[in-house]
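Below is one structure, written out as structure tokens, with a few remarks after it.
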Amino acid sequence: MASLARSPLRSAPSLSSRRARLEGSPAAHLDPILIGAVLAICALSLLMIYSSTRESLEFQGVDPLYFVKRQLLYIGIGVAVMIGVMAVDYRKLRDFSVLAYGGVVLSLLLVLSPLGSDARGSQAWFELPGGFQLQPSELAKFGIIIAVAGFCNEHRGEMTPRELVLTIGLAAVPLGLVALQPDLGTGMVLALIVVALLAVAGVPGRQLAVLGLLAVTAAFAVVNLGLLADYQEDRLTSVLDGGADPQGSGYNQEQSELALESGGFSGQGLYEGPQTQGGFVPEQHTDFIFTTIGEELGFVGAGALLGLFALVVWRTWRTAALARDFFGMLVCIGVLAMLTFQIFENIGMTMGIMPVTGIPLPFMSYGGSSTIAAFACIGLVANVYMRRFVG
Amino acid sequence: MREANPRLRVSVIGIIVMALFSALFVRLWFLQIASGSDAAAEATTENRVRIVREPAIRGRILDAQGRVLVDNRVVDAITFDRSEIITDEQRKTVTERLAALLGQTPKQITAAIDDPRQAAYAIVPIVEDPPIETVTYIEEHQEEFPAVASRRITRREYPNGNLGAHVLGYVGQIGPEELEAVKGQGYQAGDLIGTSGVEQMFESELRGEPRVQRLEVDSRGNVTRIAEDRPSVPGKDVKLTIDLDVQRVAEESLRQGMDGAHQQTCVWNNAAGEEQSGLCRAGGGSVVVLNAQDGSVVAMASAPDFNPAELAAGDPFGTLENAGDEESGFPLLNRVVQGTYAPGSTWKPISALGGMASNHLTPQDVFFDEGCLVIGDREFCNSGKKPHGAVDLRRALTVSSDVYFYDVGRDLWEFYRQETDDLGVEPDRGYAIQQTAAEYGFGAPTGIGLAGEASGRIPDQEFKEEVNERNPDLEARRQDSRWLPGDSANLAVGQGDLLVTPLQLANAYAMIAAGGPKHTPRLASAILEPRTGNAEAPEEIVRTLAAQRIGEVAIDPFQRAAIMEGLLGAVINGDGTATASFDGLRDGTVAGKTGTAQRPPKQDTSLFVGVTPVDPGAAPQYITVSVVEEGGFGANVSAPIVRRVIDALKGDPNPPPVQVQSGASED
């Protein structure tokens, strides 16, 4: 309870104001900081996507705003989805957790069938009309949060070893399906969500330690027993070698770090980053977008973005702490784990402290499924936050 | 407690999250603020900018009358850059793609790429003058054709074949080592660079300035912007002092003389000092024609020669590779400046000038030539021990009396002995020949500008000490290091350890014949603007390369007159050594000196120096030197060679062939 006591909103509410909050519409208790920070990140995202794709699009004779317009559309859909998620009381969503779980597993199964299409070596997409694609593994993050949070909520308190194994077994199905695509990055995000939820849900420390040990052993086995494709292993291990192979898997990181270094304090200027404009950093409007902002807007821009992310994550954590019930808290922890891991892995990768995996930077990287999924997750947090007084 | 536990864990998670974000901030700060961003900024610029150089059209080389000796042909070609690092697999696919595109078999493409005639890191042409569609296709699909490019390559053209090969030199593609040597001058591997001769001497003029494009490229190598495009400046033309006609005759004559010598009998001593006889080998030789008044080289021939076009095209017959083998006859050697020979009797005017400079000798002094002269315990003899009777300087040169000059040499050694033993001073009069020789340019390169010019050698005590320096036997070393009377006598007849280049010899005769002016020989008279299109347009001079008069040798007119008379006698007198070769030219306009230098165990070197006209007037005065290695007597081979060249200098474009003599039995 100590952490809750520090909260100003809880520490000194008068009875009358408490009543007023209870009586008011949940919409009145929106978290403007959370929503504002997310939208600010989206605005930065549009700017950086424009800067990093403008020249090559122009060169190909295509509308230089092509990616910007599409991303704007994704943000629009994302906001709509977020509002949709917020509109329904999260406690009702809890009842759908079995459905969410089923949906996730089904879509992941379907994408592995001939219905899905493969791009860049993974079978991870549904082709939609209009050149759009749907990546069910992104949406699986949302589904897993609801499903595992719901399951943990039911077995709150003392989780027996049997229940623990059951939970892990439940989580392992979608995880395995994602790994089959193969999409290692998303698999790791999903695993982390599960671990974070189990940790908070009250798995005893000893079991948690065993779990951790198992995870390390599994990771070791995966890397060393040839279960990974060569490129995956290379990418994971290249961070250890630094610039050992500048044209190979270390190339991305070397170029990315170079770009960040050259950005300095105030950056090379918008549209002026040689690395970005020359296309030397691969995937620079998607996975490596942080490099673009770092090179062109320098420490000022990249630091501000990091600050905005910190704000989003802080508000999410705070919501977890303020949540009216256990399920709300678990949902927020799930989202928190997802956001933190993706941010840390993605930005860390561009700065050479994490291995290269294809994990998008939430709200920044170009991409429909990941943007919409991220909005849906923020919708969950906002949902919990605005209903924190609802009895 | 169960209820509080999750809350506690939420707090722990909060701390973990904070730590992770802190790590990101610290790393970001470290990358962008703490580490220097200048180097990174530079690296990123380098990453983005590609500099593409396209060599300019190389200047032409013209003769003294503006006739083209070296020209250019520009061809478009599909090339393969061997210096580019690609995998075997890439290479295989490229080969297959090129084969399909060019309608050839992959084998043919591989053969072109692996052409052994080309340097290891060369840019090799695969096809020349390809159809434009092929060029465009490759340019548009560059990523499918690594190391392949369409380039304009200039081919050096030599309209006169091998003519003037040694003077003109050749061009070659720059390899990695040469590239290191010319670093900072904007060369790139595969560029042509002058490797010898005039091509090398005037490289900076001939080369021009390459077109430089600074291209901004993306990571795929696609050009996104042309940041700078500096057009090329074509190379300048170089106008030589070489006259195409005289050069041709000089080369022909040298070849004819050498061919003739092959039918002649040579007599020489082997290593053991036993007399040998057999056909003359005449394996190499040279002819140089020098204008005595300004030091201009009018012709410069060296045999054997090479084909510069072949070398520029990648040396298909391995000339370069085998150039160091004895069997090849060293075709790349420009014997006029790189060959060093004992000058034999052609040296006698220098000895005479030395003797006179020592105040020991006057032109009137008479020696009695009995055929041999005993110095110490050794007998020094004329060729064939032939006695010439009473000889003064003129006659000594005309009949080439060795005894006369042995005498001079021995007498000078007496001065040497007095100066070193009695007075203990530096030899002065005792080294009179050496000093005169140095004054006339021997013992040092003439400075004509051709690479690898030899210095030759003027022997003296110091030289002997140097040679014997390594002898561990101290007493023997002391004995062998002494400058002996025999050394002095040998030097006086141009034998022993003396070595000169044909150009040095010609230049020294030029000073004597012209009465004193000393020049650095020159090969070119002007740098011209390249002429495009209109061949009739007047030439536009960028820079005149004036004659380089670098001093004057003090030569007494009477002494000079005596020497010239002696040389004239050699050509016109009934008993002159070279008379036989100058039928029809014994009109007083041609003087000369024969020379036959022993170099056991090899056959004798045949030398002749011709001077025409004898007295400098309005007309240019030419010195012609011929040297034929293992050619036997100077009078037999070199004199008739020079005679034919003089015919050409006198205006006969097609003189009668060289008549190699067999009559001479003396030097």
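In summary, helices (runs of 4 or more DSSP H) completely within the stretch B:333-451 and bearing 3 or more residues that are of a type in the set (A, V, I, L, M, F, W, C) occur at B:348-357, B:393-398, B:402-417, B:432-439.
Among the residues of the stretch B:370-382, write down those that are within 18 Å of B:L412 (Cβ to Cβ) and buried (at least 16 other Cβ atoms within 10 Å of the Cβ). Scanning the stretch B:370-382 gives B:L373, B:I375, B:F380. Screening B:A99 on (1) exposed (fewer than 15 other Cβ atoms within 10 Å of the Cβ); (2) more than 14 Å from chain A (Cβ to nearest Cβ); (3) at pLDDT 85 or above shows it passes everything except condition (1).
Residue count for the stretch B:298-329 under the criterion of being outside any strand (DSSP E or B) and touching a Gly at 6+ places or on another chain (Cβ under 6 Å): the result is 2.
For the structure I just gave you, tell me whether B:D604 is in contact (Cβ under 8 Å) with a residue 60 or more places away in the chain and acidic (D, E). Considered against the rule, which asks whether it is in contact (Cβ under 8 Å) with a residue 60 or more places away in the chain and acidic (D, E), B:D604 comes out as yes. Name every residue in the stretch A:142-170 that is touching a Phe, Trp or Tyr at 6+ places or on another chain (Cβ under 9 Å) and either under 14 Å from A:S107 (Cβ atoms) or crowded, with 20+ Cβ neighbours inside 10 Å (or both), in order of residue number. If the condition is that a residue be touching a Phe, Trp or Tyr at 6+ places or on another chain (Cβ under 9 Å) and either under 14 Å from A:S107 (Cβ atoms) or crowded, with 20+ Cβ neighbours inside 10 Å (or both), then A:G143, A:I144, A:I146, A:A147, A:V148, A:A149, A:G150, A:F151, A:C152, A:N153, A:T167 are the ones that fit. Pairs linking a residue in the stretch B:175-189 that is more than 15 Å from B:Q200 (Cβ to Cβ) to a residue that is modelled with pLDDT of 75 or more and among the hydroxyl-bearing types (S, T, Y), with Cβ atoms under 7 Å and 6 or more positions apart or on different chains, are B:L179/B:Y187. Here A:R6 meets the list (1) at pLDDT 90 or above; (2) within 14 Å of chain B (Cβ to nearest Cβ) almost entirely, failing just condition (1). Of the residues in the stretch A:360-381, none is small (G, A, S), in contact with a helix residue (DSSP H, G or I) (Cβ under 7 Å, 6 or more places away or on another chain) and at the interface with chain B (Cβ under 9 Å from one of its Cβ atoms).
Among residues of the stretch A:300-323 that are more than 10 Å from chain B (Cβ to nearest Cβ) and under 17 Å from A:G36 (Cα atoms), those with a Cβ under 6 angstrom from a residue that is among the charged types (D, E, K, R) and in a loop (DSSP other than H, G, I, E, B), sequence gap 6+ or separate chain, pair up as A:R315/A:D31.
For the structure I just gave you, tell me whether B:L505 is over 21 Å from B:V287 (Cα atoms) and modelled with pLDDT of 95 or more. No: the conditions fail for B:L505.
The strands (runs of 3 or more DSSP E) found wholly in the stretch B:229-284 and carrying at least 1 residues that are of a type in the set (G, A, S) and over 21 Å from the mean Cα position of the chain (by Cα) occupy B:275-279.
Candidates in the stretch B:481-490 are the residues that are in a loop (DSSP other than H, G, I, E, B) and not small (G, A, S); of these, the one that is surrounded by the fewest Cβ atoms within 10 Å (Cβ to Cβ) is B:R482. Here B:P131 passes the criteria (1) under 28 Å from B:I61 (Cα atoms); (2) at pLDDT 80 or above except the one numbered (1).
Among the residues of the stretch B:49-103, those identified as of a type in the set (D, E, K, R) and in a strand (DSSP E or B) are B:R50, B:R53, B:E54, B:D71, B:R73, B:D76, B:D81.
Answer yes if at least one residue in the stretch B:318-327 is touching an Asp or Glu at 6+ places or on another chain (Cβ under 9 Å) and touching a residue at least 24 places away in the same chain (Cβ under 8 Å), and no otherwise. Within the stretch B:318-327, not a single residue is touching an Asp or Glu at 6+ places or on another chain (Cβ under 9 Å) and touching a residue at least 24 places away in the same chain (Cβ under 8 Å). Taken together, A:G294, A:G328 contain a single residue that is in contact with a helix residue (DSSP H, G or I) (Cβ under 8 Å, 6 or more places away or on another chain), farther than 24 Å from A:I49 by Cβ and not in a loop (DSSP other than H, G, I, E, B), which is A:G328. Filter the stretch B:102-123 down to residues that are at pLDDT 80 or above and over 15 Å from B:D76 (Cβ atoms), then give me how many there are. So the count comes out to 12.
Residue count for the stretch B:365-380 under the criterion of being of a type outside the set (V, I, T) and in contact with a strand residue (DSSP E or B) (Cβ under 7 Å, 6 or more places away or on another chain): the result is 8. Restricting the stretch A:52-88 to residues that are of a type in the set (G, A, S) and farther than 25 Å from A:Q135 by Cα leaves a set whose member that is farthest from the other protein chains (Cβ to nearest Cβ) is A:G61.
What residue, of B:T577, B:T605, is surrounded by 19 or more Cβ atoms within 10 Å (Cβ to Cβ), touching a strand residue (DSSP E or B) at 6+ places or on another chain (Cβ under 8 Å) and within 15 Å of B:V625 (Cβ to Cβ)? Among B:T577, B:T605, only B:T605 is surrounded by 19 or more Cβ atoms within 10 Å (Cβ to Cβ), touching a strand residue (DSSP E or B) at 6+ places or on another chain (Cβ under 8 Å) and within 15 Å of B:V625 (Cβ to Cβ). Counting only helices (runs of 4 or more DSSP H) that sit completely within the stretch A:160-251, those holding 3 or more residues that are of a type in the set (D, E), within 20 Å of A:M349 (Cβ to Cβ) and modelled with pLDDT of 55 or more correspond to A:230-241.
Check the stretch A:135-149 and report whether any residue there is assigned to a loop (DSSP other than H, G, I, E, B) and within 22 Å of the chain's Cα centre (by Cα). Yes.
The values are calculated or read from the model by the stated rules, or taken from the named source; none is laboratory data. Just so it is clear, the model here is predicted, and its values are computed rather than measured. Cβ atoms come from the backbone with ideal geometry, glycine included; neighbour counts cover every protein chain shown.
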